[in-house]
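Working notes for the structure below.
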Amino acid sequence: MKNLIKTIAFLSFLVFSMSSFAKTANPYKNASAPSIVDSYIQAVSMGNTKYSKYLFTEDFKFIQANKNSKQYNKKELTAFLKKQEGFIMNCETSYKIIEQNKDFSVAKVTMVFPSFTRTDYVTLSNSDKTWAITQVVTTFDNSRSFFQ
């Protein structure tokens, strides 16, 4: 009987300790495209970056469209967002879904700052019932760089 109790206690401990190492599930697994856009805005303008790595596809591209156009990948953008965690930008944000079907969506995100306006064109795809951002093209009304 003592061995049975010890065995059950050990197995319970093992199960609970192993579950703490389990991979975090994608919190956006069944989210809609507008929900992903909302989460993107929260990450970029409000510093809520906890789950930002799940917002983007592995082949994600962030493009600054100006005369010195620059391109960044998922790793570079998520590293930048992590550095900005908790930082709240002084801007008013809004978005509009420009086009959407069951597999594809494009949103226009506008961030109005006191001295300039930033516009992000966010492209999303729906793969395996999960919406994710594939590309963001950013423009500034005065060509200021987001990464400066």
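Just so it is clear, none of the values below were taken in a lab; they were calculated from the coordinates. This one's a predicted model, so the numbers in the text were calculated from it and none came from an experiment. Every residue, glycine as well, gets a Cβ built from its backbone with ideal geometry; the counts of neighbours run over all protein chains shown.
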Condition (residue is acidic (Asp, Glu), surrounded by 14 or more Cβ atoms within 10 Å (Cβ to Cβ) and within 17 Å of ASN26 (Cβ to Cβ)) applied to segment 38-51: is it met by at least one residue? yes
How many residues are within 16 Å of VAL122 (Cα to Cα), hydrophobic (A, V, I, L, M, F, W, C) and surrounded by 15 or more Cβ atoms within 10 Å (Cβ to Cβ) when one looks only at segment 52-80? 6
Only unsatisfied item for ASN66, checking (1) in a loop (DSSP other than H, G, I, E, B); (2) within 14 Å of the chain's Cα centre (by Cα); (3) touching a residue at least 40 places away in the same chain (Cβ under 8 Å), is (2)
I'd like the full set of residues that are more than 17 Å from the chain's Cα centre (by Cα) and under 20 Å from ASN48 (Cα atoms), limited to segment 79-118. ASN90, CYS91, GLU92, VAL112, PHE113, ARG118
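On the basis of being surrounded by fewer than 17 Cβ atoms within 10 Å (Cβ to Cβ), outside any strand (DSSP E or B), touching a helix residue (DSSP H, G or I) at 6+ places or on another chain (Cβ under 6 Å) and of a type outside the set (A, V, I, L, M), does ASN26 make the cut? Before you say what the answer is, go through the steps one by one.
Numbers: surrounded by fewer than 17 Cβ atoms within 10 Å (Cβ to Cβ): yes; outside any strand (DSSP E or B): yes; touching a helix residue (DSSP H, G or I) at 6+ places or on another chain (Cβ under 6 Å): yes; of a type outside the set (A, V, I, L, M): yes.
Answer is yes for this residue.
Does ILE98 count as of a type in the set (A, V, I, L, M) and loosely packed, with under 14 Cβ neighbours inside 10 Å? Don't jump to the end; show me each part of the working.
Numbers: of a type in the set (A, V, I, L, M): yes; loosely packed, with under 14 Cβ neighbours inside 10 Å: yes.
For ILE98, the condition - of a type in the set (A, V, I, L, M) and loosely packed, with under 14 Cβ neighbours inside 10 Å - is met.
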Tell me whether segment 53-63 contains one or more residues that are in a loop (DSSP other than H, G, I, E, B) and free of Cβ contacts under 8 Å to residues at least 60 places away in the same chain. no
